[in-house]
Amino acid sequence: MAEAVDKTLGGGTAKAAELSEEENKGAGKGVIWVIVIAIAAAVIYALASTGKFGGAWDKMKRGISEMTGGSAGKRK
């Protein structure tokens, strides 16, 4: 059972050691797509909640400032 689960989930230990460059590029593209979609969703949410681009930009800067503890984004 352990061998079947290992092969199903991880491709087996031999497969994990032999990842090709093409498979690594695919993983990188997937991560980039997730980041792009998250940023687009945040922009759409900010625009929908404020109703204008200027307000959405201010909301995004305020959110970034809050997430980074004031080291980035809107400063007083």
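Brief remarks on what is shown
- Inter-residue pairs, beta-carbon under 9 Å, first within 26 Å of E3 (Cβ to Cβ) and of a type in the set (A, V, I, L, M) and in region 15-37, second modelled with pLDDT under 70 and not in a helix (DSSP H, G or I), 6+ apart: L19/G11; A27/L19
- Residue within region 53-76 that is assigned to a loop (DSSP other than H, G, I, E, B), at pLDDT 70 or above, touching a helix residue (DSSP H, G or I) at 6+ places or on another chain (Cβ under 9 Å) and surrounded by fewer than 10 Cβ atoms within 10 Å (Cβ to Cβ) present: yes
The values are calculated or read from the model by the stated rules, or taken from the named source; none is laboratory data. All figures in this text were calculated on a predicted structure; none of them were measured in a lab. Because the Cβ atoms are built from the backbone with ideal geometry, glycine has one as well, and the counts that use them run over all protein chains shown.
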